[in-house]
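The values are calculated or read from the model by the stated rules, or taken from the named source; none is laboratory data. A quick note: this is a predicted structure, and the numbers were derived from the prediction, not measured. Here the Cβ is made from the backbone with ideal geometry for all residues, glycine too, and neighbour counts use every protein chain on show. Surface accessibility is based on the protein's heavy atoms, side chains included, excluding ligands, DNA and RNA. Shrake-Rupley method; radii C 1.70, N 1.55, O 1.52, S 1.80 Å.
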Amino acid sequence: MEFSFKRLPERFQKPLSILGERYHFIESASGREIEFISGDENHLKICADEHKIVITCGFDAAFYRGVCTVVQYAQKGTTEFELEEEVWFPFNGLMVDCSRNGVMNISYAKEMIEILSAMGLNVMMLYMEDVYELEGYSYFGYLRGRYSKEELKELDDYAYQFGVELIPCIQTLAHMDQFLYWEEMASKYIDLDNVLNVGSKDVKDLIENIITQLSNTFRSKRIHLGMDEAYNLGRGKYADEHGMRKKSDIMREHLEFILSICKKNGVRPIIWDDMFVREYAADGKVIIPDDMDLMYWDYYNNTKKHYIENIKVRKNFSNHVMFAGGAWKWTGYAPHHAKTFAATNASLAACKEEGIKEVMTTAWADDGCECPISAMLFGTVLFAEHGYKKEVSEEEFSEKLKFYTGMSFEEFMKQQEIDIYPEYEEKTATVTPGKYGFYEDPLYSMFVYHTRDAKGDITVHYQNLAQYFEKSAENQKNEALKAAQEFYAYYCDFMRYKWNLGLNIYDAYQKKDNKAILDVIEKQLVPAIERIDKVRLARQKEWNITNKIYGFEVLDVRMAGIKQRMETAKEVLMQYINGVIDKIEPLEEERLPVVPYREKGMGEVIHYNRSLRAMTPGKVVW
């Protein structure tokens, strides 16, 4: 596909040549001429015929969306059309979690910037608790893959080319676990748990240095300061030094301090909402200053009514409310796209009705970044389409998803079937049998009670998924998506032997049926042992495409642990069968439920997203 760029401003030339490689168009003097007209940021208008394309919009990312829309239409055989889209969210984008071990590498971050601009999204946040270089603080991000100042400036420059505002999303109150992991840092900065001692001069100096350095590193005049989930604010060292005070009073003082530092550096702070509107601040109301934005985060509910009610509550605390939804990739190795689809459709419909103009989708990486990062594309495309349409149909979304990523709606949705089995009608339930079944120890088998209730032939289900992902991987041109689908193929091939291994060993042992135990060893345990290394290597391959090398050692250790425990189980079971030992004590104990909560319609299949606790009730860390 050929376009002429001769009438375009210089700033569009290089980004268009890069997007052309991704979306199959080139610059040519004989191609259709593209013209840009600066217009209202709330509208995108495209007028295209066989000779000329005129795109009118208010910001650069919308222009790139316009060009890509022309390409999409042409691929369907339409060269002459007029299209006008309303821009519902002039501030719309993606937050990538780089703090749960997976630090997105520079190459993949640039790829995401390109794709965001093609969608018409103009914001990317990097969630960095401690994974950035901080002058004078050598333990900050130590051995964690921290970004250097030069790397952040490189990404900022690249994003700027594509009309994407790169914003640091950090923490200045809690969630500082990894920095406080170091004993010297904890003794100097900790209040209690992962909360900073905000009454300390050392902490104030730390925060001022953070804000000052990041303000000088990024072009953006915004900075997200976090400040969420500080459950024990003022209840540790702070209380020892200042006595027990209301959390709301401590928070009010901390806000004033934070705001003063931001004003000094010419940046506008954004903070999460929960400390102000949920139970943590029930002892007193804190009004958010006008020169600070309050970001309401919620990705758990599926009804517009819920979000409307909660947006109204936030408006009582702040005149500047933003919204953060989620691309569900934090419940284990598999994402939960049905939940993303339902919650996003509901929440963004509510944002439109309530006049919220600034939104983003979050891509968290809870419990060690197990899920391939490319899974976040599903929710990101959905946010983009909601940004330009009042309502988004599944058909329209599917077309855009395929165009922007090269992978179909069905292929993305298949990923969640690792957890959401076909027999369950409630596809938005948050259950994780594909995770706890993966980690469950063969002898301690904590999830027997829950696995027994699984419906359908899950062995065949995983076998079919493995074949599906293998074929899907062959069709992918994008390197990261191809590697993700390959990983899922190996994962499911392993899970067809592992998902009920603990249950079958437990039942055979309870019956004192040595032949049945031997059968499980030969038909499940040994094949699972033979496959786990392939799972690990496939996950590592995808990791190296998208992340810095740091952090994978955690998944390496976990999967090596799975393998070793299966080999140990085989040895112990054979000792029992051969009469070397007369009993296996862990298999003598009755199995109990792991957690009390149940999702409606899911029976005893549960949500459990803690890898180490899924392996053993023993004490893993100290």
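A few comments on the model shown:
- Hits in segment 69-113 (condition: in contact with a Gly (Cβ under 8 Å, 6 or more places away or on another chain) and more than 22 Å from Thr331 (Cα to Cα)): Val87, Trp88, Phe89, Pro90, Asn92
- Failed item, numbered, when Glu354 is tested on (1) touching a strand residue (DSSP E or B) at 6+ places or on another chain (Cβ under 9 Å); (2) without any contact (Cβ under 8 Å) to a residue 12 or more places away in the chain: (2)
- When Asp130 is tested against (1) within 25 Å of the chain's Cα centre (by Cα); (2) farther than 23 Å from Trp330 by Cβ, exactly one condition is not met: (2).
- Considering Gly136, Gly120, Gly141, the condition of being open to solvent by 10 Å² or more (accessible area, probe 1.4 Å) and over 19 Å from the mean Cα position of the chain (by Cα) is satisfied by Gly136 alone.
- Scan of segment 565-585 for residues that are under 36 Å from the mean Cα position of the chain (by Cα) and under 24 Å from Tyr449 (Cβ atoms), ordered by number: Arg565, Met566, Thr568, Ala569
- Glu599 outside any helix (DSSP H, G or I), of a type in the set (D, E, K, R), farther than 26 Å from Asp519 by Cα and open to solvent by 40 Å² or more (accessible area, probe 1.4 Å): yes
- When segment 33-54 is limited to residues that are closer than 18 Å to Lys14 by Cα and in contact with a helix residue (DSSP H, G or I) (Cβ under 9 Å, 6 or more places away or on another chain), the one that is most open to solvent (accessible area, probe 1.4 Å) turns out to be Phe36.
- Residue count for segment 124-162 satisfying the condition of being in contact with a Pro (Cβ under 9 Å, 6 or more places away or on another chain), of a type in the set (A, V, I, L, M) and in a loop (DSSP other than H, G, I, E, B): 1.
- Entirely in segment 217-306, the helices (runs of 4 or more DSSP H) that have 2 or more residues that are open to solvent by 10 Å² or more (accessible area, probe 1.4 Å): 237-242, 247-265
- When Asp507 is tested against (1) among the charged types (D, E, K, R); (2) under 28 Å from Pro593 (Cα atoms); (3) open to solvent by 20 Å² or more (accessible area, probe 1.4 Å); (4) part of a loop (DSSP other than H, G, I, E, B), just one condition goes unmet, and that condition is (4).
To keep it simple, each residue is scored yes or no on (1) farther than 30 Å from Gly20 by Cα; (2) open to solvent by less than 10 Å² (accessible area, probe 1.4 Å).
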| position | (1), (2) |
| --- | --- |
| Ala350 | yes, yes |
| Gly355 | yes, no |
| Cys369 | yes, yes |
| Ala384 | no, yes |
| Val392 | no, no |
| Phe397 | no, yes |
| Lys400 | no, no |
| Thr405 | no, no |
| Val431 | yes, yes |
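- Check on Glu410, open to solvent by 40 Å² or more (accessible area, probe 1.4 Å), free of Cβ contacts under 8 Å to residues at least 40 places away in the same chain and over 22 Å from Glu542 (Cα atoms): no
- Gly332 of a type outside the set (A, V, I, L, M, F, W, C) and surrounded by 21 or more Cβ atoms within 10 Å (Cβ to Cβ): yes
- Matching entry among Gly77, Gly66 (being in a loop (DSSP other than H, G, I, E, B), out of contact with any helix residue (DSSP H, G or I) (no Cβ under 6 Å at 6 or more places or on another chain) and not polar (S, T, N, Q)): Gly77
- Test for Lys477: is it of a type in the set (Lys, Arg) and either part of a helix (DSSP H, G or I) or closer than 29 Å to Gly601 by Cβ (or both): no
- Filtering segment 175-194 to residues that are crowded, with 18+ Cβ neighbours inside 10 Å and closer than 23 Å to Tyr550 by Cα leaves His175, Met176, Gln178, Phe179, Leu180, Met185, Asn194.
Every residue, every condition in (1) assigned to a helix (DSSP H, G or I); (2) in contact with a Pro (Cβ under 8 Å, 6 or more places away or on another chain); (3) modelled with pLDDT under 95; (4) under 17 Å from Tyr490 (Cα atoms), yes or no:
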residue	(1), (2), (3), (4)
Lys512	no, no, no, no
Asp519	yes, no, no, no
Ile532	yes, no, no, yes
Val554	yes, no, no, no
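- Single match in Glu571, Glu542 (criterion: assigned to a helix (DSSP H, G or I), surrounded by 16 or more Cβ atoms within 10 Å (Cβ to Cβ) and among the acidic types (Asp, Glu)): Glu542
- Matching entry among Asp240, Asp228 (being over 17 Å from Tyr127 (Cβ atoms) and acidic (Asp, Glu)): Asp240
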